[in-house]
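Before any comments, here is the structure.
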Amino acid sequence: MKILIAEDDHTSALFLQHILAQFGCCDVIHDGEAALELLKQAIAEDAPYDLLCLDIMMPKLDGQRVLQALRAEEKQRGVPADEATKIIMISALDDSSSILNSFELGCEVYMTKPFDKRKLIEHIRELGLIET
């Protein structure tokens, strides 16, 4: 599985990488603009990311804008919905507006920090990215 972790907090990024490395290759990026560039490049090279763990509050471009731009790029390139990158938003923001907006923009899962490692793995399993 090809995984992108877009998280500006180094500790959170390392924690996610530690959890997810057992499931595949993890790239870590610390700002939204760079994340979007990597995501677009991967789609253009026909090697999209299977999973994106995306923080909302990031420098240069926030996570919700990254999410919106990624879904627009996938749509423009004709990526079938079942082949689109699965997105787990992981944020300190727990207000209903942030959560609802993230789902409306196309994320599959929204988790608030601090998050439970087992719950994260369970969500990835539910998304069909890893086996039971």
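The values are calculated or read from the model by the stated rules, or taken from the named source; none is laboratory data. Bear in mind that the values here come from a model prediction, so they are computed numbers and not experimental data. Methodologically, a virtual Cβ is constructed for each residue, glycine included, from the backbone with ideal geometry; neighbour enumeration extends over all protein chains shown.
Taking the condition exposed (fewer than 12 other Cβ atoms within 10 Å of the Cβ) and either closer than 23 Å to residue 46 by Cα or modelled with pLDDT of 95 or more (or both), does residue 75 pass? So residue 75 does not fit the description; no. Residue 70 falls short on exactly one of the conditions (1) closer than 25 Å to residue 19 by Cβ; (2) surrounded by fewer than 20 Cβ atoms within 10 Å (Cβ to Cβ), and that condition is (2). From the list 84, 35, 69, the one residue that fits, being small (Gly, Ala, Ser), at pLDDT 95 or above and touching a Leu at 6+ places or on another chain (Cβ under 6 Å), is 69.
Taking the criterion of being small (Gly, Ala, Ser), over 12 Å from the mean Cα position of the chain (by Cα) and not in a loop (DSSP other than H, G, I, E, B), the residues of segment 62-88 that qualify are 69, 72, 81. Considering every residue within segment 89-99, establish whether at least one is hydrophobic (A, V, I, L, M, F, W, C), in contact with a Lys or Arg (Cβ under 6 Å, 6 or more places away or on another chain), surrounded by 16 or more Cβ atoms within 10 Å (Cβ to Cβ) and part of a helix (DSSP H, G or I). No: zero hits. Just name the residue that is farthest from residue 37 (Cα to Cα) out of those in segment 100-125 that are among the charged types (D, E, K, R) and not in a helix (DSSP H, G or I). Within segment 100-125, the match that is farthest from residue 37 (Cα to Cα) is 116. Number of residues in segment 26-61 that are touching a helix residue (DSSP H, G or I) at 6+ places or on another chain (Cβ under 8 Å), outside any helix (DSSP H, G or I) and buried (at least 17 other Cβ atoms within 10 Å of the Cβ): the value is 14.
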